[in-house]
Each structure stands twice: as C-alpha cells, then as structure tokens.
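The values are calculated or read from the model by the stated rules, or taken from the named source; none is laboratory data. Owing to the predicted nature of the structure, the values given are computational and were not obtained by experimental measurement. In this analysis, Cβ positions are derived from the backbone assuming ideal geometry, glycine residues included, and neighbour counts consider all displayed protein chains.
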Amino acid sequence: MAPKDLLQALIVVLAWGVNFVVIKVGLHGVPPMLLGALRFLLAAFPAIFFVKRPQVSLGWLIAYGATISFGQFALLFTAMYVGMPAGLASLGLAAMCLGERFRAQNVIGLLIAAAGLAVIGMQGGGAMTLIGFVLTLCASLSWATGNIVTKKIGKVDLVGLVVWASLIPPIPFVLLSYWFEGPQQIAQSLEHISASSIFAIAYLAFIATLVGYSLWGRLMTRYPASQVAPFSLLVPIIGLASAALLLDEQLTTPQIAGAVLVMTGLVVNVFGAKIKQRLLPASQ
C-alpha cells in the first residue's frame, strides 16, 4: 500500500475510533433511530445541491445506502444504546464473496486479531448479552456486505456516492423511530437537543460519514479487501483509548492484552509478506 493510502487508512481508523465516544455522547440526548436519521439527513443536505450524482445505477445506490449506511448503523446504534460495543469483523465474508484469495499471513493475522477482539469483547470476564452479541454480529455482516457493494460499484466519484447514498437511510430510520421511539420522544428530543448532541450529529455526518466513507471507499476500490479491511480491526483499539481519555473509562488488563493482539494481527496481515521476505530471503 502506498504511503499516501496508508495515511488515509489511518485517518479513517482514527475518525471511526473516536466515533464510538461521539455516538455515546449523541445517544445521551437522542434515541438511536432518530440519531441515525439526523446523521444521514445532515450528510445529504445541503451537499446534494453541490455534489454531482455519481455514475451508478439506482439499484447499486440503494444497495450501498441500505448496507453501509442504514443496516450497519441501525444495528450498531441500537447495540450501543443497550450498552454493547460493536466490533466490525468482516474480512472473511468480503474475501469469500469477492473471490479474493487469502495468503498464509492473511489467515494468521486474522486469527490473531480475532482472538484480540474476543478478549476485548469479554471485557475482562464480563458477560455479553445475547441481544448485544446478535446485534454486533449483524452490524458486522451489514458492514461486510457494504464493502462488497463498494467493490462491485467500482471506481466512481466516492464523495458523490456517499452523499447521494445518504438520501436512502433517513426514510427507514424515521419510520423505525416513529414506530419504536414514538412521536413524543422524537419531539422531546428535538425540542431539548443539547449542544453536545448537535456536535455529535455534525461529527457523525461530516467526519465519520463524508470523510471516513469517501476515503474508505477509495481504498476498497484500489486494493483487495484482504489488504484494506484489517485496518477496521484497529477501530476498537482507538475506541478504547479515546473512551479512556475522554470519558475516563478505565482499561482492564485483558483489554490491553486484546489491543496488543489486534495490533499484532494487523501487522502480520498487512506486512506479513515483507516480514517473511526479510526473515527468509532464500525461500523467495
């Protein structure tokens, strides 16, 4: 991966890692479905008046908006609303569906990182609820499907894709908000919305969505999923660190150990071939 692209991947990881703290702040004053609707409304408007629609069919536009945007975050926001962190582990499904072959270092790195995420998820022995586990798993599946859609769409104006696809999620988000959260809670949340909630919505719309997914989509169209997707494994690490710094949440010893495992797995996955070449030059 070129240095410029590696820097972009790290920018996305940082933005999405802090995103967990921002979501938690936003959920203090706005229920999850309404938060999702406001996020993508702000991502779409007024940008669609200035950004040209990408050269992609309506079907693919809907598929992108329904998976990367609506499906993933409807599940993720709900999971976090009930107290569950979400780890996105989609590499296996993406590679299988796209027909991209794993090499030995990809498999080894993924197994190491998956072990790290499992340790972090257990939070030092604390049990996950079944509903939280299922929601996290489904959010990961939606994320994986969205990555597949991104690869299938190919090289298009990615800013335009993110902006115009943001028109899709507000409709189901609003309907679900009306159904589950009710008009009274919607009205009360909007009437008494705090400055911190407004900041959270703006961050989610502009930084996490427009900047993050534009850069991520660019990387997914330029490189194999097996090379790009592992960077998402760093997101929980940044999330833990930012929560400790900004929310004063204490890291447990198992969480630190899990973070080390995830970072080790990422290094093996991305740089395994170069490491092997340096250690065993005669075998190349």
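Here's the yes/no breakdown for (1) within 17 Å of the chain's Cα centre (by Cα); (2) outside any helix (DSSP H, G or I):
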| residue | (1), (2) |
| --- | --- |
| 4 | no, no |
| 8 | yes, no |
| 17 | yes, no |
| 41 | no, no |
| 52 | no, yes |
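So, of the residues in region 19-39 that are in a helix (DSSP H, G or I) and among the small types (Gly, Ala, Ser), which turns out to be surrounded by the fewest Cβ atoms within 10 Å (Cβ to Cβ)? Residue satisfying both the conditions and the ranking: 37.
Restricting the first member to region 65-91 and to residues that are over 24 Å from residue 152 (Cβ atoms) and small (Gly, Ala, Ser), and the second to residues that are modelled with pLDDT of 85 or more and surrounded by fewer than 24 Cβ atoms within 10 Å (Cβ to Cβ), the beta-carbon pairs closer than 8 Å and six or more apart or on different chains are 86/75.
Regarding region 65-81, can at least one residue be identified that is modelled with pLDDT under 80, among the hydrophobic types (A, V, I, L, M, F, W, C) and either part of a helix (DSSP H, G or I) or out of contact with any helix residue (DSSP H, G or I) (no Cβ under 6 Å at 6 or more places or on another chain) (or both)? The answer is yes, given that some residue of region 65-81 is modelled with pLDDT under 80, among the hydrophobic types (A, V, I, L, M, F, W, C) and either part of a helix (DSSP H, G or I) or out of contact with any helix residue (DSSP H, G or I) (no Cβ under 6 Å at 6 or more places or on another chain) (or both).
Does residue 48 count as touching a residue at least 12 places away in the same chain (Cβ under 8 Å), in a helix (DSSP H, G or I) and surrounded by fewer than 17 Cβ atoms within 10 Å (Cβ to Cβ)? Taking the combined requirement at face value, the residue satisfies it. Among the residues in region 177-194, are any under 22 Å from the mean Cα position of the chain (by Cα) and touching a residue at least 12 places away in the same chain (Cβ under 8 Å)? The answer is yes; a qualifying residue exists. Answer yes or no as to whether residue 42 is crowded, with 19+ Cβ neighbours inside 10 Å, modelled with pLDDT of 85 or more and touching a Cys at 6+ places or on another chain (Cβ under 6 Å). So residue 42 fails the test.
Which members of region 168-203 meet the condition of being in a helix (DSSP H, G or I) and aliphatic (A, V, I, L, M)?
171, 174, 175, 176, 186, 187, 190, 195, 198, 200, 201, 202
Of all residues in region 265-284, those that are more than 28 Å from residue 237 (Cα to Cα) have Cβ atoms under 9 Å from Cβ atoms of residues that are among the polar types (S, T, N, Q) and at pLDDT 70 or above, 6 or more apart or on another chain, in 283/277; 284/277. Is it the case that region 179-197 has a residue that's crowded, with 21+ Cβ neighbours inside 10 Å and more than 15 Å from residue 35 (Cβ to Cβ)? No: region 179-197 contains no residue that is crowded, with 21+ Cβ neighbours inside 10 Å and more than 15 Å from residue 35 (Cβ to Cβ).
Within this structure, residue 84 passes the test of being surrounded by fewer than 23 Cβ atoms within 10 Å (Cβ to Cβ), in contact with a Ser or Thr (Cβ under 7 Å, 6 or more places away or on another chain) and at pLDDT below 85. Across region 198-208, which residue is surrounded by the fewest Cβ atoms within 10 Å (Cβ to Cβ) among those that are more than 16 Å from residue 33 (Cα to Cα) and not small (Gly, Ala, Ser)? This residue is 199.
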